[in-house]
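Only one structure is covered here, and it is reproduced in the block below.
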Amino acid sequence: MCESMDEVTQAVLARNDGLAADLRDELARRGVSVVNLLSSPGSGKTELLGRVLARAVERGLAVAALTADLATENDAHRLARSGAAVKQLLTDGLCHLEARQLRGHVESWLPEDTSLLFIENVGNLVCPASYDLGESLRIVLMAVTEGEDKPLKYPTAFGSAHLVVLTKTDLAGPAGFDEAAFDAHVGRINPGVEVLRSCARTGAGVDALLERVLAVWDGAPVHRPPLAPRPHTHTPSHSHEDAEAGLVP
Ligand SMILES: Nc1nc2c(ncn2[C@@H]2O[C@H](COP(=O)(O)OP(=O)(O)OP(=O)(O)O)[C@@H](O)[C@H]2O)c(=O)[nH]1
Ligand SMILES: [Mg+2]
């Protein structure tokens, strides 16, 4: 039977949802909370996460981080300076992480005593938004230099966030960033979601972010919108080469 591209995509996403649900159960059994960080490339995920991990290590918390990249191990080297357990996950060109990629690392690498696992997703505000990774908290970051209209342009990502973090606030003035418009846009896409402000250069917002994550870990209620509808139709687990070769209908 010849399936349409949309049917193939829906099947891949449904399979990922099933694996993510299993992973969530397994992580809960081990007492691990997962925080999934999503943003476009260069928004400051690694810089901010490095600071959050360092604070967590100072406080004696058992934290770990998996960072995903298409091609380099740069971010793992940066994050490892925090003293936390860190691993690079290479996606070999795939634009997002899937639950199946995570499962092996959770089984083979994640230190037994880990309480909090941070995942830095591939820098991309489109594809990663459609993939549940079994996370307890999904954080979507955006830098002031990206423009206040981005929540409206990327509704799947912003609509599925449990928490939004505005980064690089030191550059808000030079960038002419309109904070009121940004807040209004976030509120339109994801009513009631909390927005934190941060600046990795000064450390502003680092403690607030860690407290927010720890509150969820302690079972505090979090604003949890359902995952937004998935307009994204890019074929996920099949490679572009497969599609080009006509292997995917
Ligand atoms: N001025 C300023 N620059 C920052 C801040 N946070 C990060 N940067 C810079 O922004 C650039 C990108 O930061 P990264 O942390 O690598 O961004 P990323 O989101 O991890 O990027 P990818 O992993 O490639 O998606 C780097 O040059 C950082 O030094 C900040 O708060 N203020
Ligand atoms: Mg990074």
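The values are calculated or read from the model by the stated rules, or taken from the named source; none is laboratory data. It should be emphasised that the depicted structure is a prediction, and the values quoted were computed from it without experimental measurement. Counting neighbours? That spans all protein chains shown, and the Cβs are built from the backbone with ideal geometry, glycine included. The area values use the complete protein model at the heavy-atom level, side chains included, leaving out ligands, DNA and RNA. Shrake-Rupley method; radii C 1.70, N 1.55, O 1.52, S 1.80 Å.
Ignoring ligands, DNA and RNA, what percent of the 1.4 Å accessible area of the chain is carbon and sulfur?
52
Count the net charge of all other residues whose Cβ sits under 15 Å from the Cβ of Ala175, scoring Lys and Arg as +1 and Asp and Glu as -1.
-2
Working with all protein chains in place, sort Arg197, Arg15 by solvent-accessible area computed with a 1.4 Å probe, largest first.
Accessible-area ranking of Arg197, Arg15, largest first: Arg15, Arg197.
Give the ranking of Lys150, Lys45 by solvent-accessible surface, highest area first, calculated with a 1.4 Å probe.
Accessible-area ranking of Lys150, Lys45, largest first: Lys150, Lys45.
What is the dipole size for the chain, taken about its Cα centre, with +1 at each Lys and Arg Cβ and -1 at each Asp and Glu Cβ, in debye to the nearest 20?
640
Taking the highest mean first, how do the peptides 198-210, 121-133 order by number of other beta carbon atoms within 10 angstrom per residue?
Averaged packing, sorted descending, gives the order 121-133, 198-210.
Counting only DSSP beta bridges with both residues in the chain, what percent are antiparallel, rounded to the nearest 5? Walk me through the intermediate numbers first.
Details: 1 of 30 bridges.
That works out to approximately 5 percent antiparallel.
Just how much of Glu148 is accessible, in Å², when a 1.4 Å probe is used and the result is rounded to the nearest 10?
The value for Glu148 is about 50 Å².
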